[in-house]
Structures are given as C-alpha cells and as structure tokens.
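Okay, structure first, notes after.
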Amino acid sequence: MVELGIKALDRTLGGIKEHSYILLHEEDPRSLGRELVFEFMRRKLDEDNLIGFFNISHPLSILIDMLERRGIRVRAYLDSLNLAIVDTFGSFYGPRLERRGIWYLSGSLSYELLSRKYAEAVRAHKELWKNENMFEGRELWGVAMDVSEYSSIFGETNALSYFEVSAEIRRRHRAYREYPTGTNIWVFSGKQDRVFSSLYRRVDYVMRTRSELTEDGVKRYLHVLKAPGVSEIITFEYAFTGKGIELERID
C-alpha cells in the first residue's frame with residue numbers, strides 16, 4: 001500500500017493499493033479538485049519520489065507557472081529526473097519547450113496511435129530512471145490532467161476507442177512489462193459522459209469533488225465513490241488553509 005499524503009483520506013482508506021488506477025472527477029471548477037492533486041504532487045516530489053505527468057489540457061508554460069506557484073519546483077525536478085512531463089497539449093498544438101525531462105510525441109497522433117507514442121515516451125524516461133538507479137526506494141506515480149480532454153480532441157466515440165487501445169498497450173508494451181509500473185491518478189473534469197462511465201468501470205478508485213455556495217461561503221466536498229473494500233460512499237468536507245488542505249469526514 002502507498003499513501004496519497006492526505007491524512008484523513010489515507011487513514012480512512014488504509015492507503016492506496018500500489019499499481020492501481022485512481023479517477024478524480026472534478027465535477028465543477030469551483031471545487032478546486034485538482035488542487036488536491038497538486039498538493040499530492042508537491043508532497044511526493046519533496047519526498048524524492050518519481051512522477052510522470054501527462055499534460056493534456058494546458059500550454060506547458062502555463063502549467064509550469066501553475067505548478068511553481070503551488071510550491072512544486074518543476075525545473076529542479078525536471079533536471080533531477082524525478083519529474084517527467086509528456087506534453088500532449090504541446091504535441092498537438094504547440095509550442096514546444098525542448099529541455100531535459102520533457103517529452104513530445106511526433107508523427108500521427110490519431111486515437112489509434114496515441115497510446116503507442118505514449119508508451120515509447122514512458123519507456124525512454126524509465127530507461128533514464130533505470131540507468132540512474134532511481135527506482136530503488138522510491139514510489140512511482142503517473143498523473144494525467146485531464147483525461148476528459150480526449151473527447152474534445154477525438155470526439156466521444158473515438159475517445160472510448162482510445163482507452164480500449166490504451167489498456168491493451170499497457171498490458172503488452174515493454175515500457176510496462178520490463179520496467180517498474182506506477183500508481184496512477186487520472187483527473188476528469190466536467191459533466192459525466194460515456195467516457196467517464198467507461199473509466200469508472202476500469203479503475204480501482206473513483207473520487208469526486210464538488211462545491212456548493214452557502215451563507216458561510218463555498219463548501220467543498222470530496223466523495224469516495226469506489227474503492228476496494230468500500231461498499232458505501234464516504235464523504236469529506238475540505239478547505240484550503242495556510243497549512244495546506246484539511247479534510248474532515250462528515251458522513
């Protein structure tokens with residue numbers, strides 16, 4: 001088992017099963033659900049772990065600035081190889097930032113071929129980790145933000161096909177068979193659709209953030225919808241403080 005570094009959540013779930021897939025559904029932007037992922041990334045990188053980040057929804061310069069403002073020393077972790085960024089957004093739309101630790105996908109990026117291009121980038125960076133003996137004693141995580149963008153890129157039907165192909169590639173490609181595999185967080189934003197329903201069935205954990213306006217201001221909630229050994233929805237209220245993110249179970 002591994003931990004997310006969010007104490008109330010880790011304590012309730014007893015940790016996260018290593019090598020599992022976690023789907024975080026940010027139901028509305030006001031819930032700031034992805035801030036939970038940024039906080040998780042900051043903690044894991046500060047602890048000298050390894051993260052592969054798949055940037056699907058932002059120009060890379062904006063993403064780097066966003067992460068730096070949240071205390072994630074992106075440039076330092078790219079240089080140390082602890083952080084690898086596969087820049088999907090830049091591969092499709094540009095511009096490209098050529099530097100150590102950032103990977104781009106070349107050639108056709110159709111839904112049939114994209115997952116193979118990802119696998120080659122993953123294999124290449126894992127080879128660097130292997131050559132630097134960085135796997136030993138470190139956790140390995142993958143973060144994709146956000147996977148709902150595939151429907152915008154390919155259309156909903158082709159996005160469904162993409163995830164079918166992707167699952168098969170992860171079972172067969174040497175990037176996942178010959179090197180250590182990580183635990184993965186996929187961020188999905190906005191309304192549920194057929195892609196969300198398909199991912200819900202595939203993953204091990206599903207968490208949803210939502211918010212509501214009250215007389216006391218914005219209330220934010222995290223619901224654990226699916227987890228091994230969990231039969232009922234678990235609900236937390238969370239808030240951002242000067243010390244980070246605080247969760248309190250309320251169900």
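Bear in mind that the values in this text are calculations on the coordinates, not laboratory data. These numbers were taken from a predicted model, which means no experiment stands behind them. All Cβ positions, glycine included, derive from the backbone under ideal geometry; neighbour counts span all protein chains shown.
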* Structure fact -> Rounded to the nearest 10 degrees, the helix 33-46 long axis (Cα) sits at an angle to the longest Cα principal axis of the chain of 60
* To do: Go through 78-89, 14-25, 165-176 and give me the packing order, highest mean Cβ count within 10 Å leading.
  => 78-89, 14-25, 165-176
* Structure fact -> Rg (one decimal) and Dmax (whole number) from the Cα set of the chain, in Å, equal 17.6, 56
* To do: Take each of the peptides 48-57, 216-225, 105-114, average the number of other beta-carbon atoms within 10 Å over its residues, and list them starting from the highest.
  => 48-57, 216-225, 105-114
* Any chance you could give the angle, 0 to 90 degrees and rounded to 10, that helix 156-172 forms with the longest Cα principal axis of the chain? => 70
* Structure fact -> Restricting to Cα pairs under 8 Å and 6 or more apart, the percent relative contact order of region 7-249 works out to 27
* Structure fact -> Looking only at aspartates and glutamates whose Cα falls under 20 Å of LYS44's and that sit 8 or more positions away or on another chain, we get GLU3, ASP10, GLU18, GLU35, ASP65, GLU68, ASP79, GLU132, GLU136, GLU139, ASP146, GLU246
* Label point distance in nm, ARG100-ALA167, each placed 7 Å from Cα along Cα→Cβ -> 3.9
* Asked: Once the Cα atoms of helix 60-69 and of the chain are each reduced to a long axis, what angle between those two axes, in degrees from 0 to 90 to the nearest 10, is obtained?
  -> 40
* So, in Å, what gap is there between the alpha-carbon centers of region 10-68 and region 182-220? -> 13
* Please name whichever of PRO180, ALA159, LEU63 sits farthest to the positive end of the charge dipole of region 7-249, dipole taken about the Cα centre and charges placed at Cβ: Lys and Arg +1, Asp and Glu -1. => PRO180
* Net dipole in debye of the chain [+1 Lys, Arg Cβ; -1 Asp, Glu Cβ; about Cα centre; nearest 20] -> 600
* To do: Please give the direction-averaged projected area of the C-alpha convex hull for region 67-208, in square nanometres with one decimal.
  => 9.4
